[in-house]
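In what follows, a single structure is set out as structure tokens and then discussed.
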Amino acid sequence: MGAAYAGVCRVRTGVEHEPSEEHQREWCNCGYARGRCAEFPADAAADAVRFSMAGGKVVYILEKDHAPMRHGRTDEDGVDELLRSQARAFGESQDRR
């Protein structure tokens, strides 16, 4: 995300918990926690999400098995609120740079 993010895990609908700083640094901020994090859903479509800036907009790339599987702008219709929230955190970290 540019800078390490600390916060609440919302991977399970309706359940929030705050993983340890080490857990967030190793898994939450890097992606590819499938099989390593007990909270990571086995049926998740993607393994990681990456963000970048393009034309002043935040874009995302969802990855599965280290390959891109879907991409788009986070301001487009159909982007879920969790992805938008992660994109806001990325944008804020870019603004601080």
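Taken together, the values in this text are just the output of simple stated rules run on the coordinates, not laboratory data. Computed from a predicted model, the values in this text were never measured in an experiment. So basically every Cβ, Gly included, is an ideal-geometry build from the backbone, and we count neighbours across all protein chains shown.
Filter segment 28-66 down to the residues that are more than 14 Å from the chain's Cα centre (by Cα), part of a strand (DSSP E or B) and among the hydrophobic types (A, V, I, L, M, F, W, C) and list them by number.
Once the filter is applied, which keeps residues that are more than 14 Å from the chain's Cα centre (by Cα), part of a strand (DSSP E or B) and among the hydrophobic types (A, V, I, L, M, F, W, C), segment 28-66 yields 53, 54.
So, of the residues in segment 67-84 that are free of Cβ contacts under 8 Å to residues at least 24 places away in the same chain and in a helix (DSSP H, G or I), which turns out to be surrounded by the fewest Cβ atoms within 10 Å (Cβ to Cβ)? Walk me through how you get there before you give the answer.
Let us first name the residues in segment 67-84 that are free of Cβ contacts under 8 Å to residues at least 24 places away in the same chain, namely 67-68, 71-81, 84.
From the residues that got through so far, the ones that are in a helix (DSSP H, G or I) too are 81, 84.
Values: 81: 8, 84: 13.
The extreme case among them is 81.
Check off (1) over 28 Å from residue 97 (Cα atoms); (2) in contact with a Phe, Trp or Tyr (Cβ under 8 Å, 6 or more places away or on another chain); (3) basic (Lys, Arg) for residue 12 and give me the number that stays unchecked.
Here residue 12 clears every test but (2).
Answer with yes or no whether residue 11 is loosely packed, with under 12 Cβ neighbours inside 10 Å and among the aliphatic types (A, V, I, L, M).
Details: loosely packed, with under 12 Cβ neighbours inside 10 Å: no; among the aliphatic types (A, V, I, L, M): yes.
In short, no.
Condition first: surrounded by 12 or more Cβ atoms within 10 Å (Cβ to Cβ), touching a residue at least 12 places away in the same chain (Cβ under 8 Å), among the basic types (Lys, Arg) and in contact with a strand residue (DSSP E or B) (Cβ under 7 Å, 6 or more places away or on another chain). Can you find one or more residues in segment 57-66 that meet it?
Residues of segment 57-66 that are surrounded by 12 or more Cβ atoms within 10 Å (Cβ to Cβ), as a first pass: 57-64.
Pick out the ones that are also touching a residue at least 12 places away in the same chain (Cβ under 8 Å) and you get 57-64.
From what's left, among the basic types (Lys, Arg): 57, 64.
From what is left, the residues that are in contact with a strand residue (DSSP E or B) (Cβ under 7 Å, 6 or more places away or on another chain) are 57.
Yes, some residue in segment 57-66 is surrounded by 12 or more Cβ atoms within 10 Å (Cβ to Cβ), touching a residue at least 12 places away in the same chain (Cβ under 8 Å), among the basic types (Lys, Arg) and in contact with a strand residue (DSSP E or B) (Cβ under 7 Å, 6 or more places away or on another chain).
Considering only residues that are under 19 Å from residue 81 (Cβ atoms) and part of a loop (DSSP other than H, G, I, E, B), which ones fall in segment 1-17?
The first filter runs over segment 1-17 and keeps only residues under 19 Å from residue 81 (Cβ atoms), leaving 1, 5, 7-17.
Within segment 1-17, 1, 5, 7, 8, 10, 11, 12, 13, 14, 15, 16 qualify.
I'd like the full set of residues that are under 17 Å from residue 92 (Cα atoms), out of contact with any Phe, Trp or Tyr (no Cβ under 6 Å at 6 or more places or on another chain) and surrounded by 10 or more Cβ atoms within 10 Å (Cβ to Cβ), limited to segment 30-56.
Filtering segment 30-56 for residues under 17 Å from residue 92 (Cα atoms) gives 49-56.
Filter once more, so that each one left must be out of contact with any Phe, Trp or Tyr (no Cβ under 6 Å at 6 or more places or on another chain): 50, 52-56.
Listed by number, the residues that qualify are 50, 52, 53.
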